[in-house]
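Some notes on the structure that comes next.
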Amino acid sequence: MTLGLKHGTVALFPHETAWEEEAERTIGTLKTILGDAVADAQHVGSTAIGTIAAKPIVDIAVAADDFEKICEKQSALQAAGFYYRRHGEDLPGQMLFARGSYYDGTGDGQTHFVHVVLTDSAEWRDYINFRDYMNAFPAAAKEYEALKLRLAAECPVDAGREHYLAGKHDFIRGALRKATVWSYLGERVHIGIDRPVGYVHKKESYALTYPINYGYIPGVIGGDGEELDVYLLGVTEPVREADCRVIGVVRRRNDNEDKLIAAPEGMRFTEEEMTAAVRFQEQWYDSFIIPESEKHAFEETYER
């Protein structure tokens, strides 16, 4: 197994299943040390994406209900080779532990990063959503790999890997927007409706009348920086809110604002029916529908 990279260097290696096995061993060690201080722990990062090359450094995300409980375990973590690195302003929303000879003073290697975040936080969801999205959409993963390979070639010696990390930033942000939307497929949500059936949206050159209810998930931000939009099918009268299930995603190839399609629990619509229902607005975009069934198929075949 290829494991570890010299501090301050960037090099990518073809995916190895041994990384996944190493991640499982590491998770077992962490759970033994942390006990009830950890709510969940999962393999994340590029070594958890099965179709692309990666730096041979294993990333683990740990969900904790309380950072103080993790702080109480620092001595035990260090005894097992996990050295505390950063918290607070340097790494908002998480604690970082690292493993390798660079940290214990015997060499210059880095082998593991452990990212401790709060349970069900945005940071936790981002780690999981990005990993799952890259595994579910190989074309997006290959685009990510091509970017990483270019950045590694541009700056193979990169103190702190600042150039490498900065070069990935915009891609990761864009992919996370799409990953967040995709993660809602099959989920039950409560939505607010700000453009009910019959609403007229006036623009300079035309007025658009909404034939269906159109709303948003409160507090969840979409690709345009506003709350994530939802088309509601199966409710013919104007409403102000609804409890429903997400049955599809509208993926826009020429816009960063993907949208959700939802319906009352138990109601189902074909891709053709969903496409027709949202055409009143999507006709101006190069868009297509990702149905709930695609996520189900991924979850049945993907082993975490």
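The values are calculated or read from the model by the stated rules, or taken from the named source; none is laboratory data. Everything numeric in this text was worked out from a predicted model, so none of it was measured. Cβ coordinates were reconstructed from backbone atoms using ideal geometry, including for glycine residues, and neighbour counts include every protein chain displayed.
Looking only at region 218-254, which residues are of a type in the set (D, E, K, R) and buried (at least 16 other Cβ atoms within 10 Å of the Cβ)? Write out each step before concluding.
Just the residues of region 218-254 that are of a type in the set (D, E, K, R), to begin with: 224, 226-227, 229, 237, 240-241, 243, 245, 251-253.
Of everything in region 218-254, those that are of a type in the set (D, E, K, R) and buried (at least 16 other Cβ atoms within 10 Å of the Cβ) turn out to be GLU227, ASP229, ARG245, ARG251, ARG252.
How do the helices (runs of 4 or more DSSP H) wholly within region 94-209 filter down when requiring 3 or more residues that are in contact (Cβ under 8 Å) with a residue 40 or more places away in the chain and either of a type in the set (A, V, I, L, M) or touching a Ser or Thr at 6+ places or on another chain (Cβ under 8 Å) (or both): which remain? Full working, then the answer.
Values: elements: 101-104, 122-136, 138-154, 162-183.
Because the criterion is at least 3 residues that are in contact (Cβ under 8 Å) with a residue 40 or more places away in the chain and either of a type in the set (A, V, I, L, M) or touching a Ser or Thr at 6+ places or on another chain (Cβ under 8 Å) (or both), the helices (runs of 4 or more DSSP H) in region 94-209 that meet it are 122-136, 138-154, 162-183.
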### Query
farther than 25 Å from ALA139 by Cα and out of contact with any helix residue (DSSP H, G or I) (no Cβ under 9 Å at 6 or more places or on another chain), is that true of GLY198?
yes
### Task
Could you please find all residues in region 219-248 being part of a loop (DSSP other than H, G, I, E, B) and either farther than 25 Å from SER293 by Cα or free of Cβ contacts under 8 Å to residues at least 12 places away in the same chain (or both)?
ASP224, GLY225, GLU226, GLU237, PRO238, VAL239, ARG240
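Could you list, in sequence order, the residues of region 9-49 that are assigned to a loop (DSSP other than H, G, I, E, B), modelled with pLDDT of 95 or more and either among the small types (Gly, Ala, Ser) or surrounded by 15 or more Cβ atoms within 10 Å (Cβ to Cβ) (or both)? Can you show your working first?
Step one: of region 9-49, the residues assigned to a loop (DSSP other than H, G, I, E, B) are 10-12, 14-16, 38-39, 45, 49.
Now drop any that are not modelled with pLDDT of 95 or more, which leaves 12, 14-16, 38-39, 45, 49.
The answer is LEU12, HIS15, GLU16, VAL38, ALA39, GLY45, ILE49.
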### Task
Spot the failing condition for TYR83; the list is (1) of a type outside the set (Val, Ile, Thr); (2) over 23 Å from ASN254 (Cα atoms); (3) modelled with pLDDT under 95, and only one is missed.
(3)
### Filtered residues of region 60-79 (kept if under 20 Å from HIS7 (Cβ atoms) and either of a type in the set (A, V, I, L, M) or crowded, with 22+ Cβ neighbours inside 10 Å (or both))
ILE60, LEU77
#### Entry: Test: VAL181 is among the β-branched types (Val, Ile, Thr), touching a Leu at 6+ places or on another chain (Cβ under 9 Å) and crowded, with 20+ Cβ neighbours inside 10 Å
yes
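Restricting region 249-268 to residues that are in contact with a helix residue (DSSP H, G or I) (Cβ under 7 Å, 6 or more places away or on another chain) and either over 15 Å from LEU228 (Cβ atoms) or part of a loop (DSSP other than H, G, I, E, B) (or both), which is modelled with the highest pLDDT?
Residues of region 249-268 that are in contact with a helix residue (DSSP H, G or I) (Cβ under 7 Å, 6 or more places away or on another chain), as a first pass: 249-250, 256, 258, 260-261.
Retained after the next criterion (residues that are either over 15 Å from LEU228 (Cβ atoms) or part of a loop (DSSP other than H, G, I, E, B) (or both)): 256, 258.
On the way: ASN256: 80, ASP258: 93.
Ranking the qualifying residues of region 249-268, first place goes to ASP258.
Does region 206-240 hold any residues that are more than 27 Å from the chain's Cα centre (by Cα) and among the charged types (D, E, K, R), and which are they? It would help to see each step written out before you state the result.
First pass over region 206-240, keeping only residues more than 27 Å from the chain's Cα centre (by Cα): 206-213, 234-240.
Result: GLU237, ARG240.
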### Summary
Taking first residues from region 47-58 that are at negative phi and second residues anywhere that are in a loop (DSSP other than H, G, I, E, B) and hydroxyl-bearing (Ser, Thr, Tyr), the pairs with Cβ under 9 Å that are 6 or more apart or on different chains are GLY50/TYR302; PRO56/THR2; PRO56/THR111; ILE57/THR111; VAL58/THR111
